[in-house]
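Peer 1: One structure, pasted below without further comment.
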Amino acid sequence: MSNLKKQETITNLENKFIKKNIPQISIGDTVKVGVKIIEGNKERVQFYEGTVIAQKNSSINTMITVRKVFQGIGIERIFLIHSPKIDSIEILRSSKVRRSKLYYLRNLKGKASRLKQRFQ
C-alpha cells in the first residue's frame, strides 16, 4: 500500500468522527463547554465556562485551551473538540484580540485580565 493510499484511508476514517455542529470558535471567545461525566452508572453533563486562550487546528485533533479563574486561582483545561466526551460548545461572547495565543493572561490579575468585547 502506498503512502498516498494510507493517508487517504486515514482521512476517510477521521471524517466519520468529525462533528458538524460545532460553532466557529476564535481566540478570546468566552465559551461554555458541556463535558460528559460518568459517575458510577450515571452519565451527566458538566459545564466548563472560560476564555479560549489557544487553539490548535488539525482536522480531528483540533484542540482549544480554555482558561477560567476560580476563587482567585487560574484553571486551564484543554479540550479535543471532536471528542465524544464533549456534549456541546456554546459561544457566550467574543472579544477583540490581536494575538493568536493569549498566554499573557496567566500573569494578569483581576480587572487587568479582562478583554474588550467585540460586537457583530
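Peer 1: Express the accessible area of the chain per residue in Å², computed with a 1.4 Å probe while the remaining protein chains stay in the model. Kindly include the intermediate steps, with their values, before the conclusion.
Peer 2: Numbers: 8850 Å² over 120 residues.
Computed with neighbouring chains in place, this is 74 Å² per residue.
Peer 1: OK, next. Cut-off 10 angstrom, C-alpha nodes, Gaussian network model of the chain. Which of E76, E49, E39 fluctuates the most?
Peer 2: Of E76, E49, E39, the Gaussian network model singles out E39 as fluctuating most.
Peer 1: Among all the aspartates and glutamates, which ones have a C-alpha under 16 Å from K116's C-alpha, if same-chain residues fewer than 8 places away are not counted?
Peer 2: Excluding near neighbours in sequence, the set is D29.
Peer 1: Next up: Can you give the accessible area of S2 in Å² (nearest 10), computed on protein heavy atoms with a 1.4 Å probe?
Peer 2: Probe radius 1.4 Å; accessible area of S2 about 60 Å².
Peer 1: Given the pairs K19/K101; K36/K109; K32/K68; K56/K101; K68/K111; K36/K101, which are separated by over 19 angstrom at their Cα positions? Don't jump to the answer; show the numbers that get you there.
Peer 2: Values: K19/K101 24 Å; K36/K109 30 Å; K32/K68 11 Å; K56/K101 10 Å; K68/K111 13 Å; K36/K101 27 Å.
Long pairs (Cα-Cα over 19 Å): K19/K101; K36/K109; K36/K101.
Peer 1: Just to be sure I understand: with springs between alpha-carbon atoms less than 10 Å apart, which residue in Q46, Q55, Q24 has the highest mean-square fluctuation in the Gaussian network model of the chain?
Peer 2: Q24
Peer 1: Go ahead and run the numbers for FRET between K6 and V69, Cβ-Cβ distance against an R0 of 41 Å, rounding to 0.05. Before the final figure, lay out each step's value.
Peer 2: On the way: r = 45 Å, r/R0 = 1.09.
Rounded to the nearest 0.05, the efficiency is 0.35.
Peer 1: Scan the chain and hand back the longest stretch that contains none of the trypsin sites (Lys or Arg not before Pro) lying in DSSP loops with at most 15 other Cβ atoms within 10 Å.
Peer 2: Counting only loop sites that pass the neighbour cut-off, the longest clear stretch is 21-84.
Peer 1: Against the 2.2 N^0.38 Å scaling, with N counting residues, where does segment 61-120 land? I'd like the Cα-based Rg ratio to two decimal places. It would help to have the intermediate numbers written out before the result.
Peer 2: On the way: Rg = 13.2 Å, N = 60, 2.2 N^0.38 = 10.4 Å.
Computed over Cα atoms of segment 61-120, the ratio equals 1.26.
Peer 1: Here are labelled values, (1) 16.1; (2) 25.0; (3) 17.1, and one is the computed Kirkwood radius over Cα pairs in Å for what I pasted. Which one?
Peer 2: Computed from the coordinates, Kirkwood radius over Cα pairs in Å corresponds to (1).
Peer 1: Now for a separate question. What does the charge count around I73 come to, taking other residues whose C-beta lies under 12 Å from its C-beta (Lys +1, Arg +1, Asp -1, Glu -1)?
Peer 2: Numbers: positive: R67, K68, R106, K109; negative: E76.
Result for the neighbourhood of I73: +3.
Peer 1: How large is ³J(HN,Hα), in whole Hz, for each residue of segment 105-120 in order, when computed from phi with the Karplus curve 6.51 cos²θ - 1.76 cosθ + 1.60 and θ = phi - 60°, using x for Gly and Pro?
Peer 2: 5, 4, 8, 9, 10, x, 5, 5, 8, 6, 10, 6, 6, 10, 9, 9
Peer 1: Further question on the same structure: Would you look at the GNM of the chain, springs on alpha carbons closer than 10 Å, and say which of S100, S26, S83 moves the most?
Peer 2: S100
The values are calculated or read from the model by the stated rules, or taken from the named source; none is laboratory data. Please read all numbers here as calculations on a predicted model, not as lab measurements. Every residue, glycine as well, gets a Cβ built from its backbone with ideal geometry; the counts of neighbours run over all protein chains shown. Accessible surface areas use protein heavy atoms only, side chains included; no ligands, DNA or RNA. Shrake-Rupley method; radii C 1.70, N 1.55, O 1.52, S 1.80 Å.
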